[in-house]
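The structure appears right after this line, and notes come after that.
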Amino acid sequence: MKRRDFLKWIFRGTLSAWVLGAIGAIFSFIRIPRVERREFEKEIEVGEYEDLKIGEGKFIPHLKEPLWVIRTEGGYIALSAVCTHMKCILEYKPDEKVIKCPCHAAIFDLSGNVVQGPPPNPLERYRIEIRGERVYVIL
Ligand code: FES
């Protein structure tokens, strides 16, 4: 390979790498929104009944409304994980058996009622269905 051909080859390679990098950088800013199938679901399969021990909770990141599914001594409950004050995502505190808002320190009981803080309304509660050993939240 002649020196001139070699330099051409290097130049083209560098240019190609630069163009691909630029295209990659542009596409990293242009994100096509991913539509999660869960947004359109009418029910969510939580898992097996025994997956959660009494007192444990599972966060369900549903696009329409994230949920907390919690197994209590009376069975499963499903509550919205969105604070009714200013829409912060709530945190389940199994040791205290409450759901807390990290934004303005609101506290909800496991019925979804406001125990403390500024939220104007209780949490939305969803119906649970048990089919065989499987747990479902009905939206
Ligand atoms: S957003 Fe939850 S208490 Fe304000």
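The values are calculated or read from the model by the stated rules, or taken from the named source; none is laboratory data. Bear in mind that the values here come from a model prediction, so they are computed numbers and not experimental data. Backbone-built Cβ (ideal geometry, glycine too); neighbour counts: all protein chains shown. Surface accessibility is based on the protein's heavy atoms, side chains included, excluding ligands, DNA and RNA. Shrake-Rupley method; radii C 1.70, N 1.55, O 1.52, S 1.80 Å.
Which whole-number percent is the relative contact order of the chain (Cα, under 8 Å, 6+ apart)?
On the way: 218 pairs, mean separation 27.6, N = 139.
About 20 percent, as a whole number.
Tell me, what HN-Hα J-couplings in whole Hz come from the Karplus equation 6.51 cos²θ - 1.76 cosθ + 1.60 at θ = phi - 60° for each residue of the stretch 85-102, using x for Gly and Pro?
7, 10, 6, 6, 7, 7, 10, 7, 10, x, 5, 9, 6, 9, 10, 10, 9, x
Give me the net charge for the shell around Trp68: Cβ to Cβ below 13 angstrom, other residues only, Lys and Arg +1, Asp and Glu -1. Let's see the in-between values first.
Values: positive: Lys58, Arg71, Lys93, Lys97, Lys100, Arg125; negative: Glu56, Glu65, Glu91, Asp109, Glu124.
The answer is +1.
Give me the percent of accessible area attributable to carbon and sulfur for the chain, probe 1.4 angstrom. Could you put the intermediate results ahead of the total?
Numbers: 5560 of 9740 Å².
Carbon and sulfur together cover 57 percent of it.
Against the longest principal axis of the chain, how steep is helix 3-29, in degrees 0 to 90 to the nearest 10, with axes from Cα atoms?
Taking Cα atoms only, the helix is inclined about 20 degrees.
Debye calculation, C-alpha points only, no solvent: report log10 I(q)/I(0) for the stretch 76-127 at q = 0.30 Å⁻¹, in the same order as the q values.
Debye output, listed in q order: -1.29.
As an exercise, find the ratio Rg/Rh for the chain from alpha-carbon atoms, using the Kirkwood inverse-distance average for Rh. Before the final figure, lay out the partial values.
Numbers: Rg = 24.8 Å, Rh = 18.3 Å.
Radius of gyration over Kirkwood radius for the chain works out to 1.36.
Just the accessible area per residue of the chain, please: how many Å² with a 1.4 Å probe? Don't skip to the answer; put the middle values down first.
On the way: 9740 Å² over 139 residues.
In whole numbers, the chain has 70 Å² accessible per residue.
At a threshold of 8 angstrom on Cα-Cα distance, excluding pairs fewer than six apart, so keeping six or more, what relative contact order does the stretch 90-139 reach in percent?
Values: 73 pairs, mean separation 9.6, N = 50.
Rounded, it is 19 percent for the stretch 90-139.
Cross-link candidates for Lys97: which lysines have Cα within less than 29 Å, leaving aside residues fewer than 8 places away along the same chain?
Lys42, Lys53, Lys58, Lys64, Lys87
Between beta-carbons, use under 9 Å as the cut-off and find the net charge around Gly55, counting Lys and Arg +1, Asp and Glu -1. Mind dumping the intermediate values first?
Working: positive: Lys53, Arg71, Lys97; negative: Glu56, Glu73, Asp95.
Spelling it out: positives minus negatives among the neighbours equals 0.
Just add up the charged neighbours of Arg125: K/R +1, D/E -1, any other residue whose Cβ is under 13 Å from the Cβ of Arg125. Walk me through the numbers on the way to the answer.
Details: positive: Arg127; negative: Glu65, Asp109, Glu124.
Here the count lands on -2.
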